[in-house]
Amino acid sequence: MTAVTITTARAELRAIAKMARPIALAQVGLVTMGLVDTAILGRVSSIELAGASVGRNIGFTASTLSIGIAMALEPLAAQAVGAREPDRAWGALIATMRTLVAVWLPSTVAAFAATLFLGKLGIDAEVVRAARQFLLAQAPGQLFFSLFLAQKTFLQAHGSTRPALVASGAANVLNFVLCNLLVRGDAALRSVGLPPVGLAELGSFGAGLATSVAALVLTLVLHAAARTFKPADAVARVPARAVLDLGLPAGLHMLAEVGGFALVSVLAAKLGKTAVAANQVALGLASFTFMAALGVSGATAVRVGHCVGAGLSPRRSGLVGIGLGASVMMLGSLSFALFPRPLVALFTSDPAVIDLGVQLLRVAAIFQLFDGVQAVGAGALRGAGDVRFVLYVGVGAYWVVGVPMAVIFGFVMGRGAVGMWWALSIALMTAATAFLARFIALTRRPIARAAAP
């Protein structure tokens, strides 16, 4: 059982960094699958790439409730481990997985329903077709991926981070092979010197299908690892309400953030195929560096949860984690500022898409620091069980500030996709400031356990 023994800031930094590395690498592996899909589709058809981009954004937005429910395990499992209650940690995992299965179908229906409005937004009919095909093929993967996240969170609470790294590596290899074969068909075989066998080019549908198979591999590997922590004695019953009380606010916060970015991506489609393709490439690259911040966020949430469960102050753990998150995101900022063109050119050969993508990456270079602070700050607050404040700030930052300013900058002022990204930068700055201030204020007094037995 993991114990809380850290007494100095330097030791805390080492503990968080040690846990964050494999978490971040596993997260990088997850994003790499999306980048591989983007690179393969981008060399086949700009329409298929745009459709998969829109479909992926809609699907991910619809699944944010599931992601939030999986994230409810951060305080539940970590605090139980800190309090040396492994039976309660396992009971929380079981309750979370059951809840995820229950919400999967409504989320899938909501994603398909959202495509009915794409045409009214002025999006090309062929892009809408490709988006629906991607959503159909990756629908099973949404359930598998949410179960993977729950088991990954449970394992992190026990300090076990290697299984997720192994799973993401295996899933990436499988996704690369399947995506090439299903998207490109016989062309993929010919590119490696093999004879054609009549494989059709499935475009965005093939990319979505490869994603589902890879997600199944992810959850199967994690399930085997999680069972090693199943207690031999009776398992504590954790009610679904305890999961929902934490998971719904976390999921709605994710919906506010992801939905804001997704809406901007959909609005970018009104600017033409070049804008949506450049937006997808730049967003994929920004998401790649963001995985480092998510790694630190996950480790910080665990450390904060352990402290709360053990009855200790989590202030040092949270502040050290937030500082580390800002530091690692500076590396992404420097990369985007110094090498924007080579990075964008990895995913497309279209000169117009490259030029616009470079401009977007330069904006991303500026908001990286704030993105790191808000990501880890949210993780620290979740570890403490303070999920409602995170929700309120998310709604305010992205929908009261970010989205309206994106419309103003992008369309009213005529700054296009670049203006939209500046608006999102301001939203991230707002969230980062609020989360840091809240955590400092919250840790001035003892913190009660979330859903304490």
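Worth pointing out:
- The 3J(HN,Hα) values that the Karplus relation (6.51, -1.76, 1.60; θ = phi - 60°) gives for the stretch 379-396 are, in residue order, x, 4, 5, 5, x, 7, x, 8, 7, 6, 5, 4, 4, 4, 5, x, 4, x Hz. Gly and Pro appear as x.
- Distance from the C-alpha centroid of the stretch 126-145 to that of the stretch 43-83: 14 Å, rounded to the whole angstrom.
- The Cα atoms of the stretch 215-268 give a gyration tensor whose axes a ≥ b ≥ c have a/c of 1.5 or more with a/b no greater than b/c, which makes the shape oblate.
- Between helix 125-157 and the chain: long-axis angle, C-alpha atoms, 0 to 90°, nearest 10: 20 degrees
- Dipole magnitude (debye, nearest 20) for the chain, charges at Cβ of Lys, Arg, Asp, Glu: 1020 debye
- Angle between the chain longest axis and helix 240-268 axis [Cα atoms, degrees, rounded to 10]: 30 degrees
- Spatial separation of Cα centroids for the stretch 398-415 and the stretch 172-225, in angstrom: 38 Å
- Taking other Cβ atoms within 10 Å as a rough exposure proxy, Leu13, Leu73, Leu356, Leu346 sort from fewest to most as Leu346, Leu13, Leu356, Leu73.
- Modelled FRET efficiency - R0 51 Å, Val197 with Arg84, Cβ distances, 0.05 increments: 0.35
- Here the 3J(HN,Hα) profile of the stretch 212-220, calculated from phi with Karplus coefficients 6.51, -1.76 and 1.60 at θ = phi - 60°, is 5, 5, 5, 5, 4, 4, 4, 6, 5 Hz, Gly and Pro shown as x.
- Amide N proximity, the stretch 81-123 versus Lys230 label position 7 Å along Cα-to-Cβ, cut-off under 20 Å: 81, 85-102
- Global form of the stretch 331-421, assessed from the alpha-carbon gyration tensor, a/c cut-off 1.5: oblate
- Percentage relative contact order, the stretch 9-442, counting C-alpha pairs under 8 Å, at least six apart: 24 percent
- Nonlocal Lys pairs with alpha-carbon distance under 23 Å, the chain (8 or more apart, or different chains): 4
- Mean separation of Cα contacts under 8 Å, 6 or more apart, over the residue count of the stretch 57-123: relative contact order %: 44 percent
- Bins of 20 Å from zero: percent of alpha-carbon pairs in the chain: 26, 59, 15, 0
- Against the chain, whose longest principal axis is taken from its Cα atoms, helix 46-62 shows a tilt of about 20°.
- FRET efficiency estimate (nearest 0.05) - Cβ-Cβ, Ala113 to Arg241, R0 45 angstrom: 0.95
- Each Cα pair under 8 Å and six or more residues apart adds its separation to the average, and for the stretch 317-439 the resulting relative contact order is 30 percent.
- Ranked by the mean number of other Cβ atoms within 10 Å of their residues, highest first, the peptides 281-293, 329-341, 365-377 fall in the order 365-377, 281-293, 329-341.
- Report summary: the helix-based calculation at 222 nm, which adds -39500 (n - 2.57) for every DSSP H run with n ≥ 4 and divides by the residues of the chain, gives -27000 deg cm²/dmol.
- The phi torsions of the stretch 104-111, fed into the Karplus equation with coefficients 6.51, -1.76 and 1.60 and a -60° offset, translate into couplings of 5, 4, x, 5, 5, 4, 4, 5 Hz, rounded to whole numbers, with Gly and Pro shown as x.
- Spin-label model, Leu220 to Phe339: label points 7 Å out along the Cα-to-beta-carbon direction sit 3.6 nm apart.
Here, each number is a calculation from the coordinates, and none is a lab measurement. In this text, all values refer to a predicted model and were calculated from it rather than measured experimentally. Cβ sites come from the backbone with ideal geometry, for glycine too, and all protein chains shown count toward neighbours.
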